[in-house]
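Values quoted throughout were computed directly from the atomic coordinates according to the rules given, and no laboratory measurement underlies them. This structure is a prediction, so every number in the text was calculated from the model and none was measured. Here the Cβ positions follow ideal geometry from the backbone for every residue, glycine too, while neighbour counts run over all protein chains shown.
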Amino acid sequence: NGLDAKTLFEGGEGITYNDFILLPGHIDFILDTISLDTNLTRNIKIKRPLVSSPMDTVTESRMAISMALLGGIGIIHYNNTIEDQAKEVRKVKRFENGFITDPVVLSPFHTIMDVDTIKDTYGFSGIPITEDGTLNSKLVGIVTKRDIDFEDNRTKPLSEVMTRQLVTASSGISLSDGNKILKESKKGKLPLIDKQGRLVSLMSRTDLLKNEDFPFSSKDKGKQLLVGAALSTREEDRERLAELATAGVDVVVIDSSQGDTIFQIDMVRYVKKHYPHIDVIGGNVVTAKQCKSLIDAGVDSLRIGMGSGSICITQDTLAVGRAQGSAVYHTAKFSREYANIPVIADGGIAHIGHIVKALSLGASAVMMGGLLAGTTESPGEYFYEGGVRVKKYRGMASHEAMEKGGGKRYLSVEDRIKVAQGVSGTVVDKGSVIHLGQYLMQSLLHSLQELGCKSVHDLHQGLYDGNLRFEMRSPSAQTEGSVHDLYSSKEPHLG
Ligand code: XMP
């Protein structure tokens with residue numbers, strides 16, 4: 001009948017996700033009744049246990065917006081200037097699903113040539129015109145392709161060509177009402193204005209099909225999307241923290257590869273003292289003792305993993321780390337018993353099945369880098385490698401990323417030889433992270449059902465009361481459990 005987790009994980013051996021399997025439970029409920037609600041931190045609850053990693057090839061605002069819409073959260077990386085990181089946070093906080101909150105705006109004094117330039121740069125030509133050409137100024141017209149198509153004189157001011165009869169809506173309108181007006185008016189753009197007639201945002205007809213509802217999205221009390229940002233333990237990052245706080249960040253991740261340091265303890269205390277409304281995720285840690293140091297310092301959640309990431313070479317290079325299954329099991333158990341602090345399994349999620357395995361060992365959420373890299377929303381451009389469309393994905397301690405500041409995570413010292421703890425590579429084009437995330441979560445629902453668990457909470461209950469049953473997999477069991485003995489096969493969506 002398999003083993004309970006205690007028997008399996010307390011034998012002194014390092015166990016990875018691939019080394020074990022979960023045995024099925026009894027199903028007496030349908031898929032739709034399963035809840036994936038979970039705690040990201042002591043105070044922040046999310047509806048999907050998904051977190052994107054603070055890496056410069058994974059999370060900027062586009063990824064963070066998508067993760068929050070899906071019901072998870074994205075952590076903006078810090079391999080940038082303070083201003084750039086704060087700007088990315090602000091973009092997430094200002095985002096409104098279906099509404100363009102930072103539209104390109106022109107004034108009546110701009111010319112048709114300016115519209116041509118915008119069309120070349122951004123690909124659209126429906127532009128709202130305000131009195132002084134800025135957002136939050138009085139809306140006076142709109143210029144569309146039809147207003148300028150046959151104008152020979154491209155230096156003509158927009159005041160002479162713009163449409164002044166406008167269909168507008170009030171800025172408090174709901175997404176579905178806005179969509180309805182857009183459909184009925186047959187216009188390309190719907191400007192949203194406040195009571196004084198000032199332009200607040202814009203809806204676009206081309207977005208109509210994309211304007212899905214996201215019932216699980218992660219939002220704060222003011223209904224803005226949740227977002228996190230990474231900080232290093234360096235003294236100068238206190239200034240970074242101040243800017244992130246002003247930008248409205250909800251949670252910060254103190255990003256260190258070995259979190260049990262006096263530097264991190266100081267930083268955790270500093271954040272908790274000066275910004276008590278911002279939750280702190282500490283880490284990375286892999287042992288109970290490390291967890292205790294950071295919990296005593298005041299963290300609200302812990303990030304677990306050392307050397308398990310797809311681009312990591314820490315275990316090979318420094319001979320320090322822990323197999324990820326064991327790391328998650330031991331840290332989650334300790335943190336729950338000691339202070340009821342949730343843990344996030346970070347790194348090594350290579351397949352869909354690893355997500356449920358991480359949760360089954362006590363993690364409340366999973367953080368992913370490689371699995372989310374290569375999506376449309378990850379930073380960077382696509383290019384072709386051997387005929388395959390790929391994007392770059394690199395470790396934050398790869399030589400390449402360290403040159404841009406990524407070494408902060410690894411206590412590396414300026415102007416000394418830098419020891420790489422990560423590599424740089426490519427991953428294949430995976431399409432939109434929205435579809436990928438929805439696929440991952442549907443798969444997780446199926447996993448929980450197979451296990452007979454109605455929620456993440458249920459899964460943890462089973463883990464600790466011994467009802468959840470595990471078994472080690474021999475190398476041939478692992479071969480048997482994967483695709484085998486076919487002449488050829490097509491990769492599923494994710495492998
Ligand atoms: P995955 O497996 O999701 O792992 O690609 C992402 C996690 O890996 C960590 N990370 C690194 N670890 N050297 C390391 O040893 C690196 O250069 C590096 N860069 C990122 C990090 O925890 C991330 O979330």
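Between the listed residues Ala420, Thr117, Ile304, the Cα displaced farthest toward the positive end of the dipole of the chain, a dipole computed from Cβ unit charges relative to the Cα centre, is found at Thr117.
Semi-axes of the equivalent ellipsoid for the range 170-267, computed as √(5λ) from the eigenvalues of its C-alpha gyration tensor and ordered from largest down, come to 41, 15, 11 Å. Rg over Rh for the range 282-410 works out to 1.01, using Cα positions for both radii and the Kirkwood form for Rh. Debye-formula intensities of the range 3-79, expressed as log10 I(q)/I(0) at q = 0.11, 0.19, 0.21 Å⁻¹, are -0.51, -0.97, -0.97 (one equal scatterer per alpha-carbon, no solvent).
The distance linking the range 30-46 with the range 178-203 is 35 Å (Cα centroid to Cα centroid, whole angstrom). Taken along its three principal axes, the alpha carbon spread of the range 419-494 comes to 42, 37, 33 Å, from the longest extent down to the shortest.
Close amide H contacts of Phe20 (hydrogens built in the peptide plane, cut-off under 5 Å, sequence separation of 5 or more or a different chain): Arg473. Our summary gives the range 260-326 a relative contact order of 28 percent, counting only alpha carbon pairs under 8 angstrom and 6 or more residues apart. The calculated P(r) of the range 248-357, using every Cα pair and 5 Å bins from 0, goes 2, 13, 23, 23, 19, 12, 6, 1 in percent.
On alpha carbon coordinates alone, what is the Rg over Rh value for the chain, Rh being the Kirkwood radius? Could the numbers behind the result be given before it?
Working: Rg = 24.9 Å, Rh = 24.4 Å.
Value, to two decimals: 1.02.
For the chain, the longest principal axis of the C-alpha atoms and the axis of helix 262-274 are separated by about 50°. Averaging 1/r across all pairs of distinct Cα atoms in the range 1-154 and inverting the result yields a Kirkwood radius of 20.9 Å. Both the radius of gyration and Dmax for the range 258-319 are 12.7, 39 Å, in that order, over alpha-carbon atoms.
Hey, which aspartates and glutamates would be in cross-link range of Lys189, C-alpha to C-alpha under 19 Å, not counting anything within fewer than 8 residues on its own chain? Output for Lys189: Glu96, Asp102, Asp114, Asp116, Asp120, Glu131, Asp147, Asp149, Asp177, Asp207, Glu212.
If you wrap a convex hull around the alpha carbons of the range 186-327, what volume per residue comes out, as a whole number of Å³? Provide the component values of the computation, followed by the final result.
Working: hull volume 27.5 nm³, N = 142.
Roughly 194 Å³ of hull volume per residue.
Take every pair of alpha-carbon atoms less than 8 Å apart whose residues are at least six positions apart; their mean separation over the length of the chain yields a relative contact order of 22 percent. Taken over the range 51-97, the percentage of Cα pairs per 5 Å bin, counting from 0 up to the bin with the maximum distance, is 5, 27, 34, 23, 9, 2. Rounded to two decimals, the Cα-based Rg/Rh of the range 119-163, with Kirkwood Rh, is 0.97. By the rule of a C-alpha distance below 27 Å, with chain neighbours fewer than 8 residues away ignored, the lysines paired with Lys289 are Lys6, Lys45, Lys272, Lys273, Lys333, Lys357, Lys408.
Rounded to the nearest 10 degrees, the angle from helix 324-339 to the longest Cα principal axis of the chain is 90 degrees. Averaged over residues, the count of other Cβ atoms within 10 Å places the peptides 103-113, 157-167 in the sequence 103-113, 157-167, highest first.
The relative contact order of the range 216-292 comes to 29 percent, based on Cα pairs under 8 Å that sit 6 or more residues apart.
Only lysines eight or more places from Lys195 in sequence, or on another chain, were considered; those with a Cα closer than 17 Å are Lys138. In summary, the convex hull built on the alpha carbon positions of the range 66-169 has an orientation-averaged projected area of 8.6 nm².
The angle between the Cα long axis of helix 175-185 and the longest principal axis of the Cα atoms of the chain comes to about 30 degrees, rounded to the nearest 10.
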